[in-house]
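Student: Below is the structure I would like to discuss, written out as structure tokens.
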Amino acid sequence: MMAAEIKNLKDLKNTEYSLKKLFNEAEDFLPLLGTDYVELYVGNAKQSAHFYKTALGFQSEAYAGLETGLKDRVSYVLKQDKIRLVLTTPLQKGGEINRHIEEHGDGVKVVALWVEDATKAFEETTKRGAKPYMKPTREEDIDGYVVRSGIYTYGETVHIFVERNNYRGVFLPGYRKWESHYNPEPVGLKFIDHIVGNVGWNEMNTWCKFYGEIMGFAQIVSFVDDDIATDYTALMSKVMSNGNGRIKFPINEPAEGKKKSQIEEYLDFYNGPGVQHLALATNDIVSTVSAMRERGIEFLYVPETYYDDLLERVGDIDEDVETLKKHGILIDRDEEGYLLQLFTKTIVDRPTLFIEIIQRKGAKSFGVGNFKALFEAIEREQAARGTL
Ligand code: FE2
């Protein structure tokens, strides 16, 4: 998330906090094995797929479209280590996907979660009040079967539960292996660290409650903005995590400030709540970021003065400060270690979705110490768009 939990980081330091402690009291009624895939509805999946391969190092994985018997849409599946993205575009006029794209532009529709039992996941969440999106559905082909089910979360975003222990195919039934002669090298992205949702004014607690009560998550960090709001494009944020800590969903809401909240700008262009950024983890942020830059990705610009008192702020680090400065990489420390992170500019035409690159060296937080530099960088982008 956008470095926004400063107050609570202090609280964290004072509180003997551990996920285990939080979850010991209640059984995990929704055990999640990890993120299964993230599906984006986009205007042109073929060209988007080329971008994700070229600029972000994703690999061709699977395909479904006219050639596999689909009549109304096409989907490209891309993979990099444990990260799986699906890009879907409608092939006919009308229908839900076209409407979604008209409303939101290119954006994340599905955050799919890997489960042992998709039927139970559906029952447990809907009986606690989740709005159903997809009843438990068995899909099969010669490689076995999967069961998927789904519920709505904020805005029009949905969670699909994927049960795939009886499937050995490339992705899901109906997809075939996507063979391509164009295979750019990966850039070192490993897994999804967290996925951030932007929700409307005063809706943060509603959605934290949703993840708490309906999905059995616990709040691990919160940041409630007050004095910061008067100077910077303000937001409030809480981070929800599932029991094993593999799934972390920070939830942002806009806050009043002197300038227009970056979250409000998102809501204006996305026409409501949705996914703001995917934070993707790497083991070597310098090599990942330099590869992405070479391939055309633009990152938020941080002034060189950020590095002047860096070591005083974060203490000893393994990396050379000059190298971090050259690449504009941000560093923050918490009581357990430090992290390095960097944010792309928005990667779609509307100022909505972007990507965070993160490397954790012990730190379990989200970069609170960087919020000022980041907010200023975002303000420069907003000013250029005339939306500040
Ligand atoms: Fe983040």
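Student: Would the stretch 165-185 turn up any residue that is under 20 Å from the mean Cα position of the chain (by Cα), under 26 Å from His277 (Cβ atoms) and among the aliphatic types (A, V, I, L, M)? Working first, answer last.
Tutor: So in the stretch 165-185, the residues under 20 Å from the mean Cα position of the chain (by Cα) come out as none.
Checked against the condition, which is being under 20 Å from the mean Cα position of the chain (by Cα), under 26 Å from His277 (Cβ atoms) and among the aliphatic types (A, V, I, L, M), the stretch 165-185 yields no hits at all.
Student: Still on this model: Test Lys345 against the criterion of being in contact with a strand residue (DSSP E or B) (Cβ under 7 Å, 6 or more places away or on another chain), within 30 Å of His50 (Cβ to Cβ) and free of Cβ contacts under 8 Å to residues at least 60 places away in the same chain, and give yes or no. Full working, then the answer.
Tutor: Values: in contact with a strand residue (DSSP E or B) (Cβ under 7 Å, 6 or more places away or on another chain): yes; within 30 Å of His50 (Cβ to Cβ): yes; free of Cβ contacts under 8 Å to residues at least 60 places away in the same chain: yes.
So Lys345 passes the test.
Student: Confirm whether Thr323 is of a type outside the set (Gly, Ala, Ser), over 30 Å from Thr153 (Cα atoms) and touching a strand residue (DSSP E or B) at 6+ places or on another chain (Cβ under 9 Å).
Tutor: Numbers: of a type outside the set (Gly, Ala, Ser): yes; over 30 Å from Thr153 (Cα atoms): yes; touching a strand residue (DSSP E or B) at 6+ places or on another chain (Cβ under 9 Å): no.
It is false that Thr323 is of a type outside the set (Gly, Ala, Ser), over 30 Å from Thr153 (Cα atoms) and touching a strand residue (DSSP E or B) at 6+ places or on another chain (Cβ under 9 Å).
Student: Out of Val302, Val286, Val348, which single residue is part of a loop (DSSP other than H, G, I, E, B), away from the ligand (no atom under 16 Å from the Cβ) and either among the hydroxyl-bearing types (Ser, Thr, Tyr) or buried (at least 16 other Cβ atoms within 10 Å of the Cβ) (or both)? Quick ask: steps written out before the conclusion?
Tutor: Numbers: Val302 fails: away from the ligand (no atom under 16 Å from the Cβ); Val286 fails: part of a loop (DSSP other than H, G, I, E, B).
Exactly one of Val302, Val286, Val348 is part of a loop (DSSP other than H, G, I, E, B), away from the ligand (no atom under 16 Å from the Cβ) and either among the hydroxyl-bearing types (Ser, Thr, Tyr) or buried (at least 16 other Cβ atoms within 10 Å of the Cβ) (or both), namely Val348.
Student: Could you list all residues from the stretch 289-299 that are part of a loop (DSSP other than H, G, I, E, B) and farther than 23 Å from Lys372 by Cβ? First the steps, then the outcome.
Tutor: Step one: of the stretch 289-299, the residues part of a loop (DSSP other than H, G, I, E, B) are 295-298.
Across the stretch 289-299, the qualifying residues are Arg295, Gly296, Ile297.
Student: How many of the residues in the stretch 142-159 are closer than 17 Å to Pro273 by Cα, touching a helix residue (DSSP H, G or I) at 6+ places or on another chain (Cβ under 7 Å) and among the aliphatic types (A, V, I, L, M)?
Tutor: Here the count works out to 1.
The rows are residues; the columns are (1) more than 25 Å from Pro254 (Cβ to Cβ); (2) assigned by TED's automatic domain parsing to the domain that holds Tyr41; (3) within 18 Å of the chain's Cα centre (by Cα).
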{"position": "Leu300", "(1), (2), (3)": "no, no, yes"}
{"position": "Asp309", "(1), (2), (3)": "yes, no, no"}
{"position": "Asp318", "(1), (2), (3)": "yes, no, no"}
{"position": "Asp332", "(1), (2), (3)": "no, no, no"}
{"position": "Phe343", "(1), (2), (3)": "no, no, yes"}
{"position": "Gly367", "(1), (2), (3)": "no, no, yes"}
{"position": "Glu376", "(1), (2), (3)": "no, no, no"}
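Yes/no per residue for (1) more than 24 Å from Lys190 (Cα to Cα); (2) crowded, with 18+ Cβ neighbours inside 10 Å; (3) out of contact with any helix residue (DSSP H, G or I) (no Cβ under 6 Å at 6 or more places or on another chain); (4) not polar (S, T, N, Q):
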{"site": "Ile297", "(1), (2), (3), (4)": "no, yes, no, yes"}
{"site": "Tyr306", "(1), (2), (3), (4)": "yes, yes, no, yes"}
{"site": "Leu340", "(1), (2), (3), (4)": "no, yes, no, yes"}
{"site": "Ala384", "(1), (2), (3), (4)": "yes, no, yes, yes"}
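Student: Residue pairs, Cβ under 9 Å, 6 or more apart or interchain, first in the stretch 352-374 and on the phi > 0 side of the Ramachandran plot, second within 12 Å of the ligand (Cβ to nearest atom) and assigned to a strand (DSSP E or B). List them.
Tutor: Partner pairs satisfying both residue conditions: Gly362/Leu339; Gly367/Leu330; Gly367/Asp332; Gly367/Leu339; Gly367/Gln341; Gly367/Glu356; Gly367/Ile358.
Student: Hey, Glu139 hits all of (1) over 18 Å from the mean Cα position of the chain (by Cα); (2) assigned to a strand (DSSP E or B); (3) under 26 Å from Ala279 (Cα atoms) but one; which does it fall short on?
Tutor: (3)
Student: Just checking, which of Gly155, Gly169, Gly216 is buried (at least 19 other Cβ atoms within 10 Å of the Cβ), more than 16 Å from the ligand (Cβ to nearest atom), free of Cβ contacts under 8 Å to residues at least 40 places away in the same chain and in a loop (DSSP other than H, G, I, E, B)? Reasoning before the result, please.
Tutor: Numbers: Gly155 fails: free of Cβ contacts under 8 Å to residues at least 40 places away in the same chain; Gly216 fails: free of Cβ contacts under 8 Å to residues at least 40 places away in the same chain.
On inspection, the qualifying residue turns out to be Gly169.
Student: Of everything in the stretch 246-283, what is assigned to a helix (DSSP H, G or I) and either closer than 30 Å to Thr323 by Cβ or away from the ligand (no atom under 16 Å from the Cβ) (or both)? Give them in sequence order. Spell out the reasoning first.
Tutor: Kept after step one, since they are assigned to a helix (DSSP H, G or I), are these residues of the stretch 246-283: 262-270.
Within the stretch 246-283, Gln262, Glu264, Glu265, Leu267, Asp268, Phe269, Tyr270 qualify.
Student: Please go through the stretch 1-55 and pick out each residue that is at pLDDT below 95 and within 16 Å of the ligand (Cβ to nearest atom).
Tutor: Correct list: Met1, Met2, Ala3, Ala4, Glu5, Ile6, Asn8, Leu9.
The values are calculated or read from the model by the stated rules, or taken from the named source; none is laboratory data. Bear in mind that the values here come from a model prediction, so they are computed numbers and not experimental data. With ideal geometry, Cβ positions are generated from the backbone for all residues, glycine too; neighbour counts draw on all protein chains shown.
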